[in-house]
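A short write-up of the structure that comes next.
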Amino acid sequence: MKKLISKYVGKLVEQGLAVSESITFVCLDAEFSSNRGLEKVDPELIRVFDNININSLLYAEPAEPYKSIIKQLARREHDFLLPNDCENRTFLHDIPLIPELTSEAVSSALSMRKAAIIGDSGIVSYGSVSPEQAFVSFSSVCFSTFVKFFTDVMYHLEDCRTGRTERDEEMISACLKIMESLDTEFHDCSVISEAPPRNEEEVIRQIVSAGRELTNRKLVDSYFGNISYTFGSSIYISQTGSSMDELAACIDAVPLDGSSSSGITASSELSAHLGIHSKTGLRAILHGHPKFTVIMSMSCRRDGCDISTCYRSCREARSAAGVPVVSGEIGTGPTGLVRTVPDAMTKSRAVIVFGHGIFTADTDSFRPAFELMQSVEKRCMQEYFKKIQGLI
């Protein structure tokens, strides 16, 4: 268990989610273990294990800019946060706000949700099977609060412009300060293979490499997103729930003719990947959740529209950074993205799904698809900055 704790503490630090000094990761196997001496762990955290059936608990103050973002969101909201992005809708649902760290409050919140915010800066999450679950939930809170904050600022300034609300100067000032601190550098993609894979071994190696780089470049967090490559008579695709930076043993080869049940563990978006390949012939497909791409996909507030349903039912022709934006839920239901993304990909090698993320593809190489995703995220960030400055 100590090795797993060390692994996920390292991931939190490497991915810029928390600084090591602020992290308390406690696990219970035959006995308690932690990344810090148990005598240094707040007893309130230990007591949570008596109240709910968990084997790991993560509590940390997130790194910047997440710390400042959570402070602003907690200042404006009560009881819980309700981001509109896909990760929150399908995974977190909402994020409870707890005034202070007590075992009763944490236990109550985590008995209903995967994570909660404590005070105006701490995040607590848990795992019932593995410490990985606690890490994933913590990461998702960071992602969803980032998207919610910048989307809220955009909507707030639009409302100020039309006289619907008064300016929140503290929030606006915080947004400008955070924007100045963000890394706006986008590096070259030479580590991604430019050559098409020649055999199954190379297909798997290239998928593993692409997943690792998508995580390193923060175009996807380590858990959400998927990759596929069609080779021969099969589509090779990352498994559902797999960590994008650890795909070596998490790739399924699914026959294109449906002659095997091997796709049962494949990504929940297998049907979308199959649809894209079937309609376009493109073989290298990436799906990520770049933050500003998600934010700008929601830059639309038509009078009379209910934004809470836009993600599944909007048919308005829109674009962000010159890329089409479509609606669509995960899966194959009547409003599934499998019904919108493949058709849109016949006209563009990049398609953004409202509040969700982006699909990019290339004929036979991952590098152009990777470069395209990174380019769209850069343009979406620039569009957002320009829009905010214009509204201010």
* Nearby lysines by direct alpha-carbon distance to residue 3 (threshold 21 angstrom, same-chain neighbours under 8 apart not counted) -> 11, 40
* **Net charge of Cβ neighbours under 12 Å - reference residue 106; Lys, Arg +1; Asp, Glu -1** => -3
* Asked: Want the number for residue 319 to residue 332: 0.36 nm per residue separation, take away the alpha-carbon distance, what's left?
  -> 2.3 nm
* Asked: Ordered by packing density, taken as the mean number of other Cβ atoms within 10 Å over each peptide's residues, highest first, how do 178-191, 197-210, 350-363 rank?
  -> 350-363, 197-210, 178-191
* Asked: Using the per-residue mean of other Cβ atoms lying within 10 Å as a proxy for protection, in what order, highest first, do the peptides 168-174, 79-85 fall?
  -> 79-85, 168-174
* Structure fact -> Subtracting the Cα-Cα distance of residue 187 and residue 120 from 0.36 nm times their residue separation yields 20.8 nm
* To do: Grab the alpha carbons of segment 1-86, take their convex hull, and tell me the volume per residue in Å³.
  => 140 Å³
* Over 16 Å [Cα-Cα, segment 169-212], rounded percent -> 58 percent
* Structure fact -> Net charge near residue 67 (other residues with Cβ under 11 Å of its Cβ; Lys, Arg +1; Asp, Glu -1) is -2
* Just add up the charged neighbours of residue 369: K/R +1, D/E -1, any other residue whose Cβ is under 12 Å from the Cβ of residue 369. => -2
* Asked: Expressed as a fraction of 2.2 N^0.38 Å, the rule-of-thumb size for a compact globular protein of N residues, what is the C-alpha radius of gyration of the chain?
  -> 0.99
* Hey, which lysines would be in cross-link range of residue 378, C-alpha to C-alpha under 18 Å, not counting anything within fewer than 8 residues on its own chain? -> 218, 291, 386, 387
* To do: Straight distance only, please: which aspartates and glutamates reach the Cα of residue 71 with their own Cα at less than 16 Å, same-chain residues fewer than 8 apart left out?
  => 61, 79, 100, 120, 152, 168, 169, 170
* **Two-site label geometry, residue 382 and residue 300: point separation in nm, points 7 Å out along Cα→Cβ** => 2.3 nm
* Calculated P(r) tail over 22 Å for segment 43-196, as whole % of Cα pairs -> 47 percent
* Asked: At q = 0.17 Å⁻¹, what is the log10 ratio I(q)/I(0) for segment 200-391, with the Debye formula run over Cα points and no solvent?
  -> -1.06
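FYI, it's all coordinate maths here, none of it is from the lab. Because the structure is a prediction, the values reported are computed rather than measured. Using ideal geometry, Cβ is built from the backbone for each residue, glycine included, and neighbour counts are taken over all protein chains shown.
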